[in-house]
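The next block holds one structure in the form of structure tokens; read it before the comments.
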Amino acid sequence: MLTRLGAQDSDFRIDRFDAYDGVENLVLILPGESPEKIVIGAHYDKIGDGCGAVDNWTGQVALAHLYRTLHGMQLKKTLVFVAFGREENGLVGSRAMVSAIPHEQLASYCAMINIDSLGLARPQVADNMSSRTLERLAVDVANSMDIPFSHVTIGGSASDSNAFTAKKIPAITLHGLDRNWMHVLHRREDQASKVNPMSVYLGYRLALSMVARMDQTPCDAYR
């Protein structure tokens, strides 16, 4: 999908972490004018008997289209696109990535946007998986674009953004779940027929506008 949308084979990097049971993350980097980084991530694994269409093929689709849109643009910051492995087994891929960042480089990671499970409802922020500063940014961007938007706490859940906030890197999880998500995710019911394309499109648009805003903002603005 990524190569169809403009990536070359030579653009890809697979980061394998033997200390984390060999988990693998797929990484693409769009260099900017500075080494300051914005990470855009979505996990590629699934769990349960369904095909993982909502959780998290929708995230991979949004990630790929963000790459297509931003590829070739003049960027101030470097964009790091990551498809994380084994999110469903304890955020293994994202924790491995964050653990490999040298302490002296943590400050150059300005923010992280995580896309997890669009498709059932309007774009939302998971409060318990997100930095308050980036929540406020999401609300502001959604209002300026007149995108239907809300935020909610999803009890007992975590996503790859939590691995970044644990290291004091501002991070946010965007999702598109409704109140019946427990009857879809991690079940046989997680099929393509459950996905509302408009939910995925609006999540992509919100993430794209947030990246554009972050790219023009000082790196420490959201800490």
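Considering helices alone, the calculated mean residue ellipticity of the chain at 222 nm is -8000 deg cm²/dmol, with DSSP H runs of length four and up weighted by -39500 (n - 2.57) and normalised per residue. Working note: Debye formula, equal point scatterers on the alpha-carbon atoms of segment 17-90, no solvent; log10 I(q)/I(0) at q = 0.13, 0.20, 0.26 Å⁻¹ is -0.45, -0.88, -1.14. Panel note: the C-alpha atoms of segment 151-223, placed on their principal axes, show extents of 43, 27, 17 Å (largest first). Note that segment 39-101 presents 34 Å² accessible area per residue, ligands and nucleic acids not counted, probe 1.4 Å.
Heavy atoms of the protein chains alone define the surface here; on that basis segment 123-223 has 49 Å² accessible area per residue at 1.4 Å probe size. Could you list the residues of segment 199-220 with an amide nitrogen less than 19 Å from a label point located 7 Å from the Cα of Arg132 in the Cα-to-C-beta direction? Counting only backbone N, you get 220.
The Cα-based radius of gyration of segment 92-192, divided by its Kirkwood radius, gives an Rg/Rh of 1.01. Normalised by the number of residues in the chain, the average gap of Cα pairs under 8 Å and 6 or more apart makes the relative contact order 27 percent. About its Cα centre, the chain has a charge dipole of approximately 360 debye under the convention of +1 per Lys or Arg Cβ and -1 per Asp or Glu Cβ, with nothing else charged. Between the residues Tyr109, Met1, Gln74, the greatest Cα displacement towards the positive end of the dipole of segment 1-112, with unit charges on the Cβ of Lys, Arg, Asp and Glu, is found for Gln74.
Leaving out ligands, DNA and RNA, and with a 1.4 Å probe, what % of the accessible surface on segment 55-171 is carbon or sulfur?
Details: 2240 of 4470 Å².
Within segment 55-171, the accessible surface is 50 percent carbon and sulfur.
Considering only beta bridges that DSSP places wholly inside the chain, some 40 percent are antiparallel.
By the Cβ-Cβ criterion of under 4.7 Å, the unpaired cysteines of the chain are Cys51. Determine the alpha carbon to alpha carbon distance for each of Lys77/Lys167; Lys76/Lys168; Lys76/Lys167; Lys76/Lys194 and list only those over 29 Å. Lys76/Lys194, as the Cα separations exceed 29 Å there.
Pull up the DSSP beta bridges for segment 1-104 and report the antiparallel fraction as a percent, rounded to 5.
Working: 11 of 18 bridges.
So the antiparallel bridges in segment 1-104 amount to around 60 percent.
For segment 47-164, what's the relative contact order in percent, using C-alpha pairs closer than 8 Å and at least 6 residues apart? About 33 percent, as a whole number.
Nearest 5 percent is fine: what portion of the DSSP beta bridges confined to segment 80-196 is antiparallel?
In segment 80-196, approximately 20 percent of DSSP beta bridges are antiparallel ones.
Taking 0.36 nm per residue of separation and subtracting the Cα-Cα distance, full extension of the segment from Val139 to Ser99 would add 11.4 nm. Against the criterion of solvent-accessible heavy-atom surface with a 1.4 angstrom probe, Met129, Met198 sort, most first, into Met198, Met129.
The values are calculated or read from the model by the stated rules, or taken from the named source; none is laboratory data. Keep in mind it's a predicted model, so treat the numbers as computed, not measured. Methodologically, a virtual Cβ is constructed for each residue, glycine included, from the backbone with ideal geometry; neighbour enumeration extends over all protein chains shown. Heads up: the accessible areas ignore ligands, DNA and RNA and are worked out on the full protein's heavy atoms, side chains in. Shrake-Rupley method; radii C 1.70, N 1.55, O 1.52, S 1.80 Å.
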